[in-house]
Each structure stands twice: as C-alpha cells, then as structure tokens.
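What follows is calculated from the coordinates using simple rules that are stated; it is not laboratory data. Since this is a predicted model, take the numbers as computed values, not measurements. Because the Cβ atoms are built from the backbone with ideal geometry, glycine has one as well, and the counts that use them run over all protein chains shown.
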Amino acid sequence: MTCKRIAKLLSEQLDHELPLSRRLMIRAHLSWCIFCRRLSKHLILMRKLCEEASEASISGKPLLVDAELSPEAKARMQKLLSS
C-alpha cells in the first residue's frame, strides 16, 4: 500500500470507523513508515485543535492550546533567539 493511499485512509479514519482490514493495513504501514506516522500524529493534533477552537468560539472562552515542545525543539528555539 502506498503512502498516498495511507494518507487518504488516515484522513477517512478521523471521520468514521474503517473496516478491520483497512485498519490493519494502516497499522502495518505505520509500523515501518515514519513519514506516515508523523502525518497521522499531525492529523490527530489538527483535529484536536480544530475541535478546541470550535468549542472556544461557541463558549466565548479564549483558546488554550495544550501543546508541549520537545526538549530538542526548545533548545533549537533558545539557540535561535539568543543569536
């Protein structure tokens, strides 16, 4: 199965439950493809952020994003800011 097909299935999986055979194909592909694993994590994060933004706009509350940077990302940002 190609990464292009997996990307489409990952997106579909967010909207509705896929048949077991498709879920197993995705899982097998993600076990060895780092790029699709990253895409999967990004899609899940984007979905979560969109849901939080929607809830915040309905309730009138400010949007609070609960995202944490890795120590490596923090170090890179600190290095860039200090230079």
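The phi torsions of the stretch 51-58, fed into the Karplus equation with coefficients 6.51, -1.76 and 1.60 and a -60° offset, translate into couplings of 5, 5, 5, 5, 4, 5, 5, 6 Hz, rounded to whole numbers, with Gly and Pro shown as x.
Rounding to the nearest 10 and keeping the result within 0 to 90°, find how far the Cα-based axis of helix 71-82 lies from the longest principal axis of the chain. Helix 71-82 sits roughly 40 degrees off the main axis of the chain. In this simple spin-label approximation, Leu24 and Leu45 carry label points 7 Å from Cα along the Cα→Cβ vector, and these lie 3.2 nm apart. Couplings for the stretch 33-38, taken from phi via the Karplus curve 6.51 cos²θ - 1.76 cosθ + 1.60 with θ = phi - 60°, read 10, 5, 5, 6, 5, 5 Hz in order; Gly and Pro are left as x. Once P(r) over Cα pairs in 10 Å bins from 0, in percent is calculated for the structure shown, the corresponding label among [x] 17, 38, 28, 14, 3, 0; [y] 17, 57, 25, 1; [z] 15, 32, 28, 21, 4, 0 turns out to be [z].
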